[in-house]
Amino acid sequence: MKFELTILGCGSAVPTVQRNSAAQVLNVQGRLFLIDCGEGTQQQLRRFKVPYTRINHVFISHLHGDHFFGLAGLLSSFSLQGRRADLHVYADERLQGIIDFLSRAMHSRPRYPLHFHPIGRDAQLLHEDKALTVHSFPLLHRADAPSSGFLFAERPRPRHVRREMTDAFRVPVAFMHRLKQGEDFVTPDGEVIANERLTTPAPAPRSYAYLTDTLFHPDHAEYCKGVDLLYHEATYGDDLARLARETFHSTAGEAARLALLAGAGRLLLGHFSSRYPDPSCLLEQARLVFPDTRLCEDGAVFELPAARREL
Ligand SMILES: [Zn+2]
C-alpha cells in the first residue's frame, strides 16, 4: 500500500543541469498522479524509472512554462506509444486551448481519450476514487497565471476483522461490513461486544499537499491542516523576502511558517531559484522554524509508510 512521492524536477523558472523544471509523481496504492509537467519531464520519468504509462491523472498548478511546457510532448509520446487508456488533465481552462492549437498545427490529435477538467478559483474536489480524494485550492500568484494548490488524501480504510474473535462470538457474515465501520456487536442474548475486541485498526490515512508558486499566506494552512507531507516552494532565502514578494514567491522561512501553521508532519522545500546551486542555506533557515524539513532534489523519493492507528 504505497504512498510515495518522486521528485522529477525541483527547479524554478530556468532549468539547470542539476535541477529540472517542476514535476513530481505521487504513487498512492499503485495509482500514479503526475503533478506539474515542466520541460523535460518525459526524460525524468524515464531516468528515474517511473512506470509512467500508468499515469492517468495530471494536475497542473498554473500556466507558467516551468510547470507545463513538458505536457504537449508527453501527450504526443503517449499517442506514439499506442496508449488507449483515458487521460485526465486538471488545469486552468486555457490549457485545453493551448493543447488543441498545437494538435491542429501538427495535424496530430491524441489517439486516446483525453479529458480536460478546469480548475476554478474556489476550493474544489477534482478527483475521487476508492483510495483517495484530490482537492484544489487557490494560491496567491500573478493575476494572469492564477496558481492552485493540491491536497491528496487517502480515504480512511475499514477496520480489520479478527477472525478468531468473530468466530468465537458467532458474528454473522452479514454484519461484517458494519463491524469494519466500527460498530459494536450485540449478541442474540443482548450482550454488547465492543468493536475493539473484534477488530484491529486500519492504517491511518495519509495525505500530501503541494503548494508552489505562491506568496506566503496564513490562510493557505486551512486547506492542508494536519497534512502528513507538505511540499512548499522556497524559491528564495529569507534575505530576499522583498524579491520573493515582488515575484509572488515565498522564502524558506515562510514555507516553514506555513508548515507550522498547518501542523504538517514533514516539510519538503523545492522550486529553488537557479541562484542556489547548493540550497542548504534554505534548509537551515526553514529548520529554525520547522525542524522536520527536507530539501528536494531531482530523483529524491519520499515515502510515507502505512502506520497503524493507536488502539
Ligand atoms: Zn514556477
Open item on the list: Suppose we keep just the alpha-carbon trace of the chain; what are its Rg and Dmax in angstrom?
Closed with: 22.0, 75
Open item on the list: Under a crude label model (7 Å from the Cα following the beta-carbon direction), how far is Ser79 from Arg104 in nanometres?
Closed with: 1.4
Task: Counting DSSP beta bridges with both ends in the chain, the antiparallel % (nearest 5) - done: 55
Task: Qualifying lysines (Cα of each under 28 Å from Cα of Lys49; at least 8 residues distant if same chain) - done: Lys2, Lys130
- [ ] Provide the percentage of antiparallel DSSP beta bridges, counting only those with both residues in the stretch 197-311; round to the nearest 5.
- [x] 5
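Over the chain, what relative contact order in percent results from Cα pairs under 8 Å that are six or more residues apart?
Numbers: 699 pairs, mean separation 53.4, N = 311.
Averaging sequence separation for qualifying contacts and normalising by length gives 17 percent for the chain.
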Task: Of Glu246, Glu222, Glu191, the one that fluctuates the most in a GNM where the chain has Cα springs shorter than 10 Å - done: Glu191
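Please give the net charge around Pro15, taking every other residue with its beta carbon less than 11 angstrom from that of Pro15, where Lys and Arg add +1 and Asp and Glu add -1.
Details: positive: Arg19; negative: Glu39, Asp66, Asp298.
Taking every Cβ under 11 Å from that of Pro15, the sum is -2.
Counting only helical runs of four or more DSSP H residues, what would the 222 nm mean residue ellipticity of the chain come to if each run contributes -39,500 (n - 2.57) and the total is spread over all its residues?
Numbers: 10 runs with 76 residues, N = 311.
Helices in the chain give a 222 nm mean residue ellipticity of -6500 deg cm²/dmol.
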Task: Placed amide H near Ser61: partners under 5 Å, 5+ positions off or other chain - done: Asp36
Open item on the list: So if I take the centroid of the Cα atoms in the stretch 122-173 and the same for the stretch 4-50, what is the distance between those two points in Å?
Closed with: 23
Task: Efficiency of FRET from Cβ geometry, Ser274 and Phe116, R₀ 35 Å, rounded to 0.05 - done: 0.65
Open item on the list: Quick check: pseudo-label points 7 Å beyond the Cα along Cα→Cβ at Arg94 and Glu191, how many nm apart are they?
Closed with: 6.9
Open item on the list: How would the stretch 160-199 be classified by its alpha-carbon gyration tensor: rounded, prolate or oblate, with rounded meaning a/c under 1.5 and the a/b versus b/c comparison settling the rest?
Closed with: rounded
- [ ] Could you point to the residue in Leu75, Pro291, Gly253 farthest towards the positive end of the chain's charge dipole, with +1 and -1 charges on the Cβ of Lys/Arg and Asp/Glu respectively?
- [x] Leu75
Open item on the list: Quick check: the distance between the Cα centres of the stretch 241-311 and the stretch 184-230, to the nearest angstrom?
Closed with: 23
Task: Angle in degrees between helix 252-262 and the longest Cα principal axis of the chain, rounded to the nearest 10 - done: 20
Task: Projected label distance in nm at Asn56 and Val161, using a 7 Å step from Cα toward the beta-carbon - done: 2.7
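Every number in this text was worked out from the coordinates using simple rules, so none of it is lab data. This structure is a prediction, so every number in the text was calculated from the model and none was measured. Note that each Cβ is placed from the backbone with ideal geometry, even for glycine, and that neighbours are counted across all protein chains shown.
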